[in-house]
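Report on one structure; see the data block that follows.
Since every read-out is calculated from the coordinates, none of them should be taken as a lab result. Here the structure is a predicted model, which is why all the values come from computation and not from measurement. Cβ: placed from backbone, ideal geometry, glycine included. Neighbour counts: every protein chain shown.
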Amino acid sequence: MKRRPVLHYPDERLRIATRPVDDREFGTTELSELVAEMTATMRALKGIGIAATQIGVNKALAVIELDDGPMAIANPTVRNAAKRLEVQEEGCLSVPGVFGLVNRAATLTLIARTIDGKPFRIKADGLFARVIQHETDHLNGRLFIDRCHEVTDGVAEAKRLGLSIPPLQPI
Ligand code: ZN
């Protein structure tokens, strides 16, 4: 399956708040081909999630792949985000070489549609909840570096990009 070039920060197209996938698009070959290309691109770059915005497509669509094969989520919204936060290291295919700590809600409910348009809701915690928040952020034009409070790896690259995030201090 064809791979697509991934946009890198500071490309302004990463800042677009996406349009929802339209009712007429659900169940079409075009949409499933787009998901296949996103999946192939994500796997080639060893990512665990990719948003349509990252390949320059203005649609509220993302693919997440942890242990159970790829899962496409269209028009996702996050509900019931827990007040309890967890901090973990994140990276992003659009900010290659930079990793840092990000606080995310520990648990949430994802409400979304399949690429056939079927609505679903799913409770998520741990890494799954984190990736959902990272990808839905993308679809709203937000990147993990906007929320990152400490860079854990790639300090030189972060500086080169002009990011004003402090490096993690050695204890
Ligand atoms: Zn990302």
- Item | Ellipticity estimate at 222 nm from DSSP helix runs (n ≥ 4, -39,500 (n - 2.57)) divided over the chain, nearest 500 | -7000 deg cm²/dmol
- Values of log10 I(q)/I(0), in the order q = 0.12, 0.23, 0.25 Å⁻¹, for region 49-104 under a Debye, Cα-only, solvent-free model: -0.38, -1.19, -1.20
- Task: Using only Cα atoms, find the angle between the long axis of helix 126-139 and the longest principal axis of the chain, and express it within 0 to 90 degrees, rounded to the nearest 10.
- Result: 80 degrees
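Based on the mean of other beta carbon atoms within 10 Å per residue, what is the order of 20-30, 73-83, most packed first? Could the numbers behind the result be given before it?
Details: 20-30: 12.7, 73-83: 16.2.
Highest to lowest by the protection proxy: 73-83, 20-30.
Can you tell me what the convex hull of the Cα atoms of region 1-58 projects to on average, as an area in nm²? Intermediate results must be reported in sequence, preceding the final value.
Working: hull surface 16.8 nm².
That works out to 4.2 nm².
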- Amide H contacts under 5 Å for Thr107, placed H, 5+ residues apart: Ala82
- With each pseudo-label sitting 7 Å past Cα toward Cβ, what's the Lys83-Thr152 distance in nm, one decimal? 2.7 nm
- Enter the angle in degrees (range 0 to 90, nearest 10) between the Cα long axis of helix 29-44 and the first principal axis of the Cα atoms of the chain, meaning the one along which they spread out most. 30 degrees
- Residues in region 43-57 reached by a label modelled at Arg13 [backbone nitrogen below 17 Å; 7 Å Cα→Cβ]: 50-57
- Query: What percent of all Cα-Cα pairs in the chain falls in each 10 Å bin, counting up from 0?
  - Reply: 10, 39, 37, 12, 2, 0
- Item | Segments 127-135, 46-54, 6-14, 141-149 sorted - mean Cβ within 10 Å per residue, highest first | 46-54, 127-135, 141-149, 6-14
